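Reading through the structure tokens given below for one structure.
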Amino acid sequence: MKGHALSRVHKTSLAKICAAIFILEATLVILFVPLPAFQSNAVPMIGFNLATSLALGWIAYRYVSHLEFSYDGQGFKIKKGRRQVTSHSWSEFSRVSLVRSETLEFSVRLYSDGEFFEIPASRLKLDPFKFRFEVLELLGTPKS
Amino acid sequence: MDASSARDIVDSVEKQLMKGKGRWVADFKESFREYRVRDLKFDALVRGDTRVKGFFLSRLFSFMLNPNYEVACFILSLDTRERLDEKSLARYLTAIKSFMKKEKIDWSWFLLVGTRFGGGVKNAVAGLSDRALGVALVDSESREMVNSGSYLGRQFKKYIKI
């Protein structure tokens, strides 16, 4: 089977990290910059805050939560951020299900002896229903 | 009828449940395909509970008023050549009841999709009065639905579009 590799930006996660950095920087400005100094330099300070929160947000997103997923007929590998790499063989799993989280994101859950591992299909921008069937075929369970 | 239209109905019902269509009755969160119970195979088993999640007020409302029942929906499509009789319907119902007991499921839906439902099966389904099991038959050609007379059977017809 031909291998697939996915590395798509999850805009919601990126936006959350950028917003958190923007709020942190704004709080530091409110606490440490005197009001008259802020009033005379408001536009450049807010511009600087926006630019740095976008730049730092992008770096933090790539470092902490960006997902890279690759799979072929033998197994799959998920890399989260710069460090966390998980790889499994399809043959380790015996059952597949599709699960929906509270945030309405879908994952494909792979069961192995009562334990499970989840592939976050929605975060990887895969069609979860189609991808689940693909995984079923990779595990050797024919599509209905 | 072709078998794909029956499978399309199975896929559509599974998608509706997983996307929250039945949330006024239960919140379905996990779906299995080709699920075996005893020696019988169902096309899909969708599981969930009645503790609906949401933002603060919905969560509080759900926590205070909703009992947290474990629920399941079994979906079965019958082959074009397969004919379901009362005896095989009873086998499926017995398997579902044993699964419910084993997995501590409080109530279930059972949807059968096919074409060759005899009058005896339709009458048997319409006459079912089990409070913990709602059964519905769907004719994949005419899209006509026959449901059991219990509250759960009526709710299935109300919330799921075929």
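Derivation of every value follows stated rules applied to the coordinates shown; laboratory data play no part. All of these numbers come straight from a predicted model, not from anything done at the bench. Cβ: placed from backbone, ideal geometry, glycine included. Neighbour counts: every protein chain shown.
Every test in (1) within 10 Å of another protein chain (Cβ to nearest Cβ); (2) closer than 19 Å to A:Gly73 by Cα; (3) free of Cβ contacts under 8 Å to residues at least 12 places away in the same chain is passed by A:Arg109 save one, and that test is (3).
Exactly one residue among B:Val46, B:Val13 is under 14 Å from the mean Cα position of the chain (by Cα), under 22 Å from B:Arg143 (Cβ atoms) and away from chain A (no Cβ under 11 Å), and that residue is B:Val13.
Summed over segment B:136-155, the residues that are assigned to a loop (DSSP other than H, G, I, E, B) and either touching a residue at least 12 places away in the same chain (Cβ under 8 Å) or buried (at least 20 other Cβ atoms within 10 Å of the Cβ) (or both) give a count of 6. For segment A:21-37, filtering for residues that are part of a helix (DSSP H, G or I), over 21 Å from A:Ile59 (Cα atoms) and under 36 Å from the mean Cα position of the chain (by Cα) leaves 4. Selection within segment B:20-43: residues that are within 14 Å of chain A (Cβ to nearest Cβ) and basic (Lys, Arg). The member of this set that is nearest to B:Glu82 (Cα to Cα) is B:Lys41. If you go through segment B:81-110 and keep only what is among the β-branched types (Val, Ile, Thr) and surrounded by 15 or more Cβ atoms within 10 Å (Cβ to Cβ), you end up with B:Ile96, B:Ile105. The number of residues in segment A:52-84 that are part of a strand (DSSP E or B) and either loosely packed, with under 13 Cβ neighbours inside 10 Å or free of Cβ contacts under 8 Å to residues at least 40 places away in the same chain (or both) comes to 5. Residues of segment B:111-135 that are touching a Phe, Trp or Tyr at 6+ places or on another chain (Cβ under 6 Å) and either part of a helix (DSSP H, G or I) or surrounded by 22 or more Cβ atoms within 10 Å (Cβ to Cβ) (or both): B:Gly134, B:Val135.
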